[in-house]
1. Does the range 289-306 include one or more residues that are surrounded by fewer than 14 Cβ atoms within 10 Å (Cβ to Cβ), closer than 15 Å to ASN41 by Cα and more than 16 Å from the chain's Cα centre (by Cα)?
2. Hey, can you tell me all the residues within the range 88-131 that are crowded, with 18+ Cβ neighbours inside 10 Å and closer than 16 Å to SER60 by Cβ?
3. Answer with yes or no whether ASN257 is out of contact with any Phe, Trp or Tyr (no Cβ under 7 Å at 6 or more places or on another chain), at pLDDT 95 or above and of a type in the set (S, T, N, Q).
4. Could you tell me how many of the residues in the range 215-253 are touching a strand residue (DSSP E or B) at 6+ places or on another chain (Cβ under 6 Å), assigned to a loop (DSSP other than H, G, I, E, B) and either charged (D, E, K, R) or at pLDDT below 90 (or both)?
5. LYS141 versus (1) modelled with pLDDT of 90 or more; (2) assigned to a loop (DSSP other than H, G, I, E, B); (3) on the phi < 0 side of the Ramachandran plot: which is the lone unmet condition?
6. Filter the range 40-67 for residues that are aromatic (Phe, Trp, Tyr) and more than 17 Å from GLN185 (Cα to Cα) and give the result.
7. State which residue pairs qualify: first residue at negative phi and inside the range 210-221, second residue of a type in the set (Gly, Ala, Ser) and surrounded by fewer than 16 Cβ atoms within 10 Å (Cβ to Cβ) in any location, beta carbons under 8 Å apart, and separation of 6 or more residues or different chains.
Amino acid sequence: MIKNICFLFTFIFALSACKSEADSLSTDKNSLYLPSLLNLNTLLTEDENDVSFPIWFNDSIIKAHKIKKITRKSFPRNSFEEGKLVSISSTVPREIREYYFNEKGILIQLNVHNYYDDREIGSVLFSYYGIKDSYGFSPVKRNKFVSKTDKPFAENDDPLELDTRELDFRMHEKKKSYNKCLVFQDMESGDYLFYVPNRRNWRALSIDSMLVPTPKDNLVWGKPMHPTKKYQVSNKVNEKNIREYNYQKNQKAQLVNWVKKEYPFDLKRDFIYKKGNCVGYIDSTFSEDIYVTRIISEIQYNKKKEPIRIIHRKENSTYEKQFLTLETFEYE
């Protein structure tokens, strides 16, 4: 505990001496893109809670670095006043995720521990079996959920009753592909997840005739590791809950940004690269094309080019800092 407190104070005081995030993060579009340990298409988005697609890390790099375990800790928000940190909410993480890998760099187990008011309140364990296919899908089993309190999960710091808690993890079952599309079914809701790899079929009428999706189904253009668009439909052709992914034209593996449209807001994430490495991203929120707020996230690496922490700083419409959150990565 004392070690964690010293680390956080040292880390935060160092932040106060840094230049503004806009000055320190810039994109070098001419550098050759370098493969990252992190898959930025899914990690750090709500899609990482789809545990049937354990594609959050680069298997080849995990294997080359002989990593057996990654521990990711997410710390709660800390507040700012006139550009300076004035309070530390907690030295205990809000969540800890433990990723276990085999000698081939393949994820074999995921443990998630949740904390509230500086104590562990629940945990869930996922284990992977069988062989992960070429699209990144792997059969998964939720082994156990352990609740250590009557009100185990919280949102906005308000405890939730047992029957209203939201774990937000999804597991899918692989179905037989048809019309050259990948088909997966949510094991709890029964809704479908369709991947449409062939660009020729990326038209509303074509997809409706091939798949006949319902309003609750999700459609993805492209493949799990390289999506181009994700959305739902209503009245057969009307799109909703749209997220579009944009890549560098001459380096198709390099994600430039994604845009998520959730009326009345548009959310945009712009990725920042230096010397071919992603060093951060900026999440901007717009309402009717008017800027509302943004979160600037900076990724810091060790000498092995492994991410060791991600610093999230939120700013309001006048670019005043509002709070800071922190994620750390530890390797074994």
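The values are calculated or read from the model by the stated rules, or taken from the named source; none is laboratory data. Note that the structure is predicted; figures quoted are calculated from it, not measured. FYI the Cβ positions are ideal-geometry reconstructions off the backbone, even for glycines, and counts take in every protein chain you see.
1. No - not one qualifying residue is present in the range 289-306.
2. Residues satisfying the conditions are TYR99, PHE101, GLY105, LEU107.
3. On the way: out of contact with any Phe, Trp or Tyr (no Cβ under 7 Å at 6 or more places or on another chain): no; at pLDDT 95 or above: yes; of a type in the set (S, T, N, Q): yes.
Answer is no for this residue.
4. Count: 1.
5. (2)
6. TRP56, PHE57
7. PRO215/SER234; LYS216/SER189
Each row is one residue, and each column tells you yes or no for (1) in contact with a helix residue (DSSP H, G or I) (Cβ under 8 Å, 6 or more places away or on another chain); (2) in contact (Cβ under 8 Å) with a residue 60 or more places away in the chain; (3) among the aromatic types (Phe, Trp, Tyr); (4) over 26 Å from THR325 (Cα atoms).
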{"site": "LYS236", "(1), (2), (3), (4)": "yes, no, no, yes"}
{"site": "ASP266", "(1), (2), (3), (4)": "no, no, no, no"}
{"site": "LYS274", "(1), (2), (3), (4)": "no, yes, no, no"}
{"site": "ASN277", "(1), (2), (3), (4)": "no, yes, no, no"}
{"site": "ASP289", "(1), (2), (3), (4)": "no, no, no, yes"}
